[in-house]
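What follows is a set of notes on a single structure, which appears directly below.
The values are calculated or read from the model by the stated rules, or taken from the named source; none is laboratory data. Here the structure is a predicted model, which means the values were calculated and not measured. Counting neighbours? That spans all protein chains shown, and the Cβs are built from the backbone with ideal geometry, glycine included. In case anyone asks, the SASA skips ligands and DNA or RNA and just uses the protein heavy atoms, side chains included. Shrake-Rupley method; radii C 1.70, N 1.55, O 1.52, S 1.80 Å.
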Amino acid sequence: MEIPHDPAASHYEHAGKGLRRRDLDPDPIKQFGNWFTAAIEAGIRDVSAMSLATAGRDARPSVRIVLLKGFDQDGFVFFTNYESEKGKQLEANPCAALAFYWIELDRDQSIPPPPHWGGYRVKPDAMEFWQGRPNRLHDRFRYTRQRDGSWLIERLAP
Ligand SMILES: Cc1cc2nc3c(=O)[nH]c(=O)nc-3n(C[C@H](O)[C@H](O)[C@H](O)COP(=O)(O)O)c2cc1C
């Protein structure tokens, strides 16, 4: 099936006010926190749902949705079954990528867990913030962790 351009929302146009460098916190974790709080305040459903990409020794990536359970300067935490596909892949190759999509901004149950259920912390060495804008002039900024622990901020687009 060939997918037409923007099939579900052909009238949708990014209404975002844009993202300027001066809007950015120098610390990407704080910047993420600002956006996360804004997403909660905007009433977005499943605000903590994120895509988690992993790859095992065969380097073939796989991706699924998990829930963010916490974040701080040490990274982003989610919980899962250590014996799941992602658990096995992270055991073999402890690298992962996360992605959130909060379209409205253009931007759980208490069963005791089994012993093979536990947490992972994703420690970022790069973070990107994407703000949709009209006419595809989307603003993209990337933070890259430097050797001294500081963050380099680069505009990727436009
Ligand atoms: C909204 C949503 C939230 C989810 N949250 C989690 C989660 O926090 N942990 C988890 O292990 N699976 C979660 N899942 C299920 C995973 O997407 C996935 O199907 C499952 O963990 C098996 O993945 P794997 O076989 O690639 O390891 C969630 C699914 C959805 C749709």
Do you know which residues across region 52-72 are at pLDDT below 95 and among the polar types (S, T, N, Q)? SER62
Flagged pairs (Cβ under 6 angstrom, 6 or more apart or on separate chains; first in region 116-141, more than 19 Å from TRP35 (Cβ to Cβ); second β-branched (Val, Ile, Thr) and open to solvent by 30 Å² or more (accessible area, probe 1.4 Å)) are none
Could you count how many residues in region 52-65 are closer than 10 Å to ALA96 by Cβ and within 11 Å of the chain's Cα centre (by Cα)? 2
So in region 111-132, with the set limited to residues that are within 14 Å of the ligand (Cβ to nearest atom) and farther than 20 Å from TRP151 by Cβ, which one is nearest to the chain's Cα centre (by Cα)? TYR120
Would you pick out the residues in region 89-126 that are open to solvent by 90 Å² or more (accessible area, probe 1.4 Å), assigned to a loop (DSSP other than H, G, I, E, B) and out of contact with any strand residue (DSSP E or B) (no Cβ under 9 Å at 6 or more places or on another chain)? GLN109, SER110, ILE111, PRO112, PRO115
